[in-house]
1. Can you classify the chain as rounded, prolate or oblate using the Cα gyration tensor, where a ≥ b ≥ c are the square roots of its eigenvalues, rounded means a/c under 1.5, and otherwise it's prolate if a/b beats b/c and oblate if not?
2. Dipole magnitude of the chain about its Cα centre, charges +1 at Lys/Arg Cβ and -1 at Asp/Glu Cβ only, in debye to the nearest 20?
3. Using the number of other C-beta atoms within 10 angstrom as an exposure proxy, rank Ile81, Ile134 with the fewest first.
4. By how many nm would the segment from Phe108 to Ala172 lengthen if fully extended, with 0.36 nm per residue of separation less the alpha-carbon distance?
5. Need the C-alpha centroid separation for the range 43-64 versus the range 11-28, integer Å.
6. GNM on the chain, C-alpha springs below 10 Å: top fluctuator among Phe129, Phe108, Phe190?
Amino acid sequence: MDWVADYLERVEQHPVFPSVRPGEIRARLPAHAPEGPESFDAILADLDRVVLPGITHWQSPMFFGYFPANASWPATIGDLISSGLGVQGMMVTKYASVHGVDAIAQDFVTNYIALPPAQYYLAAAGGRFPANTIAGKHVTDPVLAEFGAAGKGGVPMPNIPQMSSVWSALGAAWVKSTKGSGSTKAVTAFKAAARSISDKIG
């Protein structure tokens, strides 16, 4: 947890997209798997030396690819607890239904989590503008308020199979413009993606 806290304190110091060259991360790894254990300090050092330079920093305040998709501190703590419990939560069992656990969970989400006060504080914990429009009216940070204003004209994208026509083209544009050596200029890649999307969906 200390490493995660330290990372989030300095996440904006990292380039949002990896700036390493092809093969650079591989060169930082040993040729063979270690035969013995390493110290925990060495493992944490490898996170800084090997992992961080080669990833997209989704938690960065400068990353707006899927804004606001970043994890908040409450979500991080919750994920840690969930991982520790190891519960496979892909279904609601008869036990949960009989004892009213599912109804309580639904009530909690409907009557608390989805309401403006909770949405405001959850967004504030993650440094993001809330998705709830009423909660958004209480945002005082001028930068976040600008993001809220920019989103007023946005149209929600439907969760339907046809959206693959959009995501596949956008995903390809991201890859082409951020792959390092031999990358395509972002403006060129995304203009091509826009044309491809227009041709597919009309």
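1. Here the chain falls in the oblate category.
2. Result for the chain is approximately 1120 debye, rounded to the nearest 20.
3. Ile81, Ile134
4. Length gained, Phe108 through Ala172: 19.1 nm.
5. Computed from Cα coordinates, the inter-centre distance equals 8 Å.
6. Highest fluctuation among the options: Phe108.
All of the numbers you see were taken from the coordinates with simple rules; none came from a lab. It should be emphasised that the depicted structure is a prediction, and the values quoted were computed from it without experimental measurement. When we count neighbours, we look across all protein chains shown, and the Cβ atoms used for this are built from the backbone with ideal geometry, even at glycine.
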